[in-house]
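K.L.:
Dumping the structure here so I can ask a few things about it.
The values are calculated or read from the model by the stated rules, or taken from the named source; none is laboratory data. Since the model is a prediction, treat every value here as computed from it, not as a measurement. Positions of Cβ are generated from backbone atoms using ideal geometry, with glycine treated the same way; all protein chains shown enter the neighbour counts.
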Amino acid sequence: MFGSLFKTSYASETFNFFSSINTPSSPSFNVELLSSPSAATDFDKTGEVVWPVSVLLSQFLITYEGLRQRLQDGEECNAETPLRMLELGSGAGLPSATLLEFYDHFRDRLVLRATDGHEAFISTENGEPGILSVNVGKYGPNVKALPLLWGKKKDALDALSSLSGSASPSYDVIFAADVVQWGAVVEPLAMTVHALLHPGQEGARRVKKYPPVFYLGIVERDDGALKRKFFSLLQSYGFSEARKINYEEYLGRDLGAGDEAFLFPPKGSEFGGRVCMIYEIFLINLEPKPVLLQRDQILSTGYEATLTLPCVNANFS
Ligand SMILES: C[S@@+](CC[C@H](N)C(=O)[O-])C[C@H]1O[C@@H](n2cnc3c(N)ncnc32)[C@H](O)[C@@H]1O
């Protein structure tokens with residue numbers, strides 16, 4: 001099934017999720033995904049590993065009522081005006097694959113782009129599909145894996161123009177796990193989120209009940225300074241204050257009570273007990289226009305080196 005990628009260092013792993021927070025015995029389902037079983041990767045290949053916070057984000061995407069309602073609302077989201085979703089820094093793409101697996105019966109209602117700055121995850125040097133393309137490629141024509149380097153104007157424009165059929169395309173929902181890790185790209189990342197969620201000319205905006213939203217999975221490996229900087233940049237671009245979503249809202253009362261909730265799913269915390277959490281951030285003020293759509297916003301000279309492995313010592317089990 002996974003072709004020659006299998007022969008390299010990847011293995012198929014099965015992730016288990018539950019489909020409802022209402023009862024502890026709610027039905028569960030599995031997602032099979034190709035990834036690197038190693039806890040250490042080359043400096044630019046951190047995305048080959050499925051990081052714990054992306055397991056938590058995956059569970060969140062299917063049990064958080066705010067998103068559920070939106071996807072199940074036929075007026076908000078239908079075959080003619082599907083919900084347009086995009087994952088940033090996808091790596092192996094577990095959150096995208098989980099969402100697509102769970103909402104398989106809604107294939108025509110949602111359009112999804114899974115993206116990463118590391119082009120080999122999309123397409124290898126030999127022209128074969130990369131790990132991300134393989135992992136999301138089976139979910140039909142509304143789903144594509146695309147290269148998207150944060151702060152690169154062309155990649156942002158390509159991601160927008162891949163939404164055909166709209167004069168002023170933009171995304172409704174963006175999500176990302178474990179991407180606020182490198183000081184040099186915090187600003188390009190924030191600008192990318194802004195550019196992809198901003199609907200362009202106000203008049204061209206599709207009428208939607210809900211404002212554009214960004215769901216961010218974070219694990220803090222510093223004192224929280226990067227996260228605060230990232231949120232404050234987003235606020236200056238017209239986003240709401242970031243709301244840390246209570247675990248109860250997507251893990252349920254049994255699993256979500258108190259801070260120990262980060263122990264679920266099994267890989268939802270990192271070695272050393274670093275807590276994983278999900279934030280919700282709405283774009284509420286359209287006045288500031290996205291500068292990335294005018295020019296590249298790659299701000300650091302050492303930019304290439306910023307794909308560095310974020311947590312060499314992470315030894316989660
Ligand atoms: C720590 S990994 C997280 C992967 C996945 N989201 C997860 O949680 O399992 C960070 C991901 O962000 C991507 N990335 C890092 N810097 C980037 C940049 N400047 N532009 C686009 N993607 C980038 C990496 O290639 C990698 O896939």
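K.L.:
Of all residues in the range 112-121, how many are among the hydrophobic types (A, V, I, L, M, F, W, C), surrounded by 19 or more Cβ atoms within 10 Å (Cβ to Cβ) and within 11 Å of the ligand (Cβ to nearest atom)?
P.N.:
The qualifying residues number 2.
K.L.:
In the range 122-146, which residues are surrounded by fewer than 17 Cβ atoms within 10 Å (Cβ to Cβ) and in a strand (DSSP E or B)?
P.N.:
The answer is S123, and nothing else.
K.L.:
Another question, then. Counting just the residues of the range 170-211 that are over 15 Å from S236 (Cα atoms), part of a helix (DSSP H, G or I) and within 11 Å of the ligand (Cβ to nearest atom), which one comes out modelled with the lowest pLDDT?
P.N.:
This residue is A184.
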